[in-house]
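I have placed the structure first, in the form of structure tokens, so that the comments after it can refer back to it.
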Amino acid sequence: MSRSNRNNRAWRYVYSGVREADTVAVVLPEGSAGPNPGYDSDGQHSDSDSEPEFHLPPSIPTALPVTGESYCGCVSQNDTRYCRSMRSFHRMKDCHCGEKDEYFEWMWDDSTKSSNTLLSCENREVNFHMDYSCGTAAVRGDKEMSEGQHFWEIKMTSPVYGTDMMVGIGTTDVKLDKFRHTFCSLLGKDENSWGLSYTGVLHHKGAKSHFSTRFGQGSIIGIHLDTWHGVLTFFKNRKCIGMAATKLQNKKFFPMVCSTAARSSMKVIRSCFSPTSLQYLCCLRLQQLVPEHIDKLEVLPLPPGLKRMLRNQLGWVLSMNQESSGNEAANNSSGSDSDSSSTADAETCQRKKCRWT
């Protein structure tokens, strides 16, 4: 059998479907050229044998990991070469960019997770499908969120690909092991959860809406749950990408993540809580008034002890960037107006309208 025929067969295997990519990482032939199928500049599949002019939309899941969406510029973030001995894509190596917090309000719950998950790094990192994938695995945090202000960040510490890898929130009614033999977008499949897919699609009640650009290995996804005003807001690489929902008052949620991809992982690098107090509201207003590149506490004539206390307890509020980028806003120019009772931080993101109430 000629090398050309072997390459063609390998490429057909790559394109046979995203579910095969979930099960094991895909082998990419080296040096293939000529009329073989390829990928366009965004990494999307273009099959020249069947439909030469067809390109998949950005929101379609991909068999190849998403690159170019990392929070930092570490070289390892864009290394998605296939490792034959490990039968997986190369993982991030020694990248701790953006990981400065030492205290965490919550971590992943070892007693409430799917069977195909393994926790590490003091239960802050979750590893999915350690050998191979045959469905969807999920895990939730060990602390209920029913009041106050909650903010947390999830870092994608592995290649991001497959049917879906998601971050979001859900109630105790979400069955984390229900789809262990099915590849699906678990978060947002019903009214009990909201989930943001790595493809940039927001899920809730089984409905989908394009919400942002994709995220990949090295991306940091932030989530702010304001239970006082009932607002759920997402951030990508510490930039606000918009409100996902309003009118979430008087409900009890847990942070959740899920994945269908083999040997994938996510890590909690920040989890904070603050009561909805005058201190919080003042820091929030200060964050909005002072330009982003300026240290908010340094420009104020405050006693050193008060500065230290505010930085330790509410530093996450002062560092939160709530200006939507132009690209993210353009992708979400349509939708209903947000709830009028939303806080000022939600108003700064109002160019990205909420999807569901």
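The values are calculated or read from the model by the stated rules, or taken from the named source; none is laboratory data. None of these values were measured; they are calculated from a predicted model. No Cβ is skipped: glycine too gets one built from the backbone with ideal geometry, and neighbour counts run over all protein chains shown. Heavy atoms of the whole protein, side chains included, go into the accessibility calculation; ligands, DNA and RNA do not. Shrake-Rupley method; radii C 1.70, N 1.55, O 1.52, S 1.80 Å.
Within the stretch 147-171, the set of residues being in contact with a Pro (Cβ under 7 Å, 6 or more places away or on another chain), of a type in the set (Gly, Ala, Ser) and buried (at least 23 other Cβ atoms within 10 Å of the Cβ) comprises just one member, 162.
Considering only residues that are in contact with a helix residue (DSSP H, G or I) (Cβ under 8 Å, 6 or more places away or on another chain) and among the hydrophobic types (A, V, I, L, M, F, W, C), which ones fall in the stretch 256-299? Hits for the stretch 256-299 are 261, 262, 272, 283, 284, 286, 297. Of the numbered criteria (1) modelled with pLDDT of 95 or more; (2) over 19 Å from the mean Cα position of the chain (by Cα); (3) crowded, with 16+ Cβ neighbours inside 10 Å, the one residue 144 fails is (3).
Within the stretch 190-232, can you find the residues that are open to solvent by 10 Å² or more (accessible area, probe 1.4 Å) and in contact with a helix residue (DSSP H, G or I) (Cβ under 8 Å, 6 or more places away or on another chain)? Hits for the stretch 190-232 are 210, 213, 229.
Inclusion of residue 246 among residues that are among the β-branched types (Val, Ile, Thr) and under 23 Å from the mean Cα position of the chain (by Cα) is warranted.
Could you grab me the full set of residues in the stretch 263-280 that are of a type outside the set (S, T, N, Q), open to solvent by 10 Å² or more (accessible area, probe 1.4 Å) and either over 16 Å from residue 311 (Cα atoms) or without any contact (Cβ under 8 Å) to a residue 40 or more places away in the chain (or both)? Quick ask: steps written out before the conclusion?
Taking the stretch 263-280 first, the residues of a type outside the set (S, T, N, Q) are 263, 266-270, 272-273, 275, 278, 280.
Cutting the leftovers down to open to solvent by 10 Å² or more (accessible area, probe 1.4 Å) gives us 263, 267, 270, 272-273, 275, 278.
263, 267, 278 - these are the residues of the stretch 263-280 that are of a type outside the set (S, T, N, Q), open to solvent by 10 Å² or more (accessible area, probe 1.4 Å) and either over 16 Å from residue 311 (Cα atoms) or without any contact (Cβ under 8 Å) to a residue 40 or more places away in the chain (or both).
Residues of the stretch 285-317 that are open to solvent by less than 50 Å² (accessible area, probe 1.4 Å), in contact with a strand residue (DSSP E or B) (Cβ under 9 Å, 6 or more places away or on another chain) and not β-branched (Val, Ile, Thr): 314, 315, 316. Residue count for the stretch 115-132 satisfying the condition of being closer than 14 Å to residue 261 by Cα and not hydrophobic (A, V, I, L, M, F, W, C): 6. Residue by residue through the stretch 106-123, note down the ones that are open to solvent by less than 30 Å² (accessible area, probe 1.4 Å), in a loop (DSSP other than H, G, I, E, B) and at pLDDT 95 or above. The answer is 106, and nothing else.
Out of 235, 215, report the one residue that is at pLDDT 95 or above and not charged (D, E, K, R). Step through it out loud before you land on a result.
On the way: 215 fails: at pLDDT 95 or above.
Criteria check complete, one pass: 235.
Kindly evaluate residue 291 against the criterion of being modelled with pLDDT of 85 or more and part of a loop (DSSP other than H, G, I, E, B). So residue 291 does not fit the description; no. Residues that are out of contact with any Lys or Arg (no Cβ under 7 Å at 6 or more places or on another chain) and open to solvent by less than 10 Å² (accessible area, probe 1.4 Å) were ranked within the stretch 124-135; the one that is nearest to residue 107 (Cα to Cα) is 126. What are the pairs with Cβ atoms under 7 angstrom where one residue, in the stretch 304-331, is at pLDDT 80 or above and the other, located anywhere, is part of a loop (DSSP other than H, G, I, E, B)? Sequence gap at least six, or different chains. Going by the 7 Å Cβ cut-off, the qualifying pairs are 307/297; 310/297; 311/297; 318/296; 318/297.
Quick check, is residue 131 more than 17 Å from residue 266 (Cβ to Cβ), free of Cβ contacts under 8 Å to residues at least 40 places away in the same chain and assigned to a loop (DSSP other than H, G, I, E, B)?
Numbers: more than 17 Å from residue 266 (Cβ to Cβ): yes; free of Cβ contacts under 8 Å to residues at least 40 places away in the same chain: no; assigned to a loop (DSSP other than H, G, I, E, B): yes.
Considered against the rule, which asks whether it is more than 17 Å from residue 266 (Cβ to Cβ), free of Cβ contacts under 8 Å to residues at least 40 places away in the same chain and assigned to a loop (DSSP other than H, G, I, E, B), residue 131 comes out as no.
Where strands (runs of 3 or more DSSP E) fall entirely within the stretch 146-201, those with at least 3 residues that are touching a His at 6+ places or on another chain (Cβ under 9 Å) and either of a type in the set (Asp, Glu) or closer than 23 Å to residue 228 by Cβ (or both) are at 149-156, 193-197. Screening residue 165 against (1) modelled with pLDDT under 95; (2) under 19 Å from residue 263 (Cα atoms) leaves a single unmet condition, (1).
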